[in-house]
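Chemist: What follows is a single structure, and I will ask about it in a moment.
Taken together, the values in this text are just the output of simple stated rules run on the coordinates, not laboratory data. This one's a predicted model, so the numbers in the text were calculated from it and none came from an experiment. Note: ideal-geometry Cβ built from the backbone for every residue, glycine included; neighbour counts use all protein chains shown.
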Amino acid sequence: MTTRVAIISIAVEKSGDIEKLNRILHTYGSYIIGRMGIPYPKRGISLISVAMDAPADTISAMTGKLGMLPGITSKALYAKVQEERHASSD
């Protein structure tokens, strides 16, 4: 399986959707390298960055699911590193 390294940027404007956001992140946890959250009370938002090493369609699927949540915006930035092939876990 070919994987890509990416950073997912997430802006959370409504705190009520945090549980759904965390559920989605948990679902993709095996692909997550690390995550950092920064609350910004002055503007009433939280910013989250998630580093991933996953197939491009997996990254896109997670980003899309997050972006469909009300009050949440997400975007992916892919690193320009060589793609890596991992043995299939099947």
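Chemist: Do you know which residues across the range 17-32 are under 23 Å from Gly44 (Cβ atoms) and either of a type outside the set (A, V, I, L, M, F, W, C) or more than 10 Å from the chain's Cα centre (by Cα) (or both)?
Modeler: The initial filter retains those residues of the range 17-32 that are under 23 Å from Gly44 (Cβ atoms), namely 17-25.
Within the range 17-32, Asp17, Ile18, Glu19, Lys20, Asn22, Arg23 qualify.
Chemist: Hey, another quick one. Give me the residue from the range 1-45 that is more than 19 Å from Pro70 (Cα to Cα) and among the basic types (Lys, Arg) and, out of that set, surrounded by the most Cβ atoms within 10 Å (Cβ to Cβ).
Modeler: Arg4
Chemist: Same structure again: Test of understanding: among Lys20, Lys65, Lys14, which residue is in contact with a helix residue (DSSP H, G or I) (Cβ under 6 Å, 6 or more places away or on another chain) and in contact (Cβ under 8 Å) with a residue 24 or more places away in the chain?
Modeler: Checking each option against the conditions leaves just Lys65.
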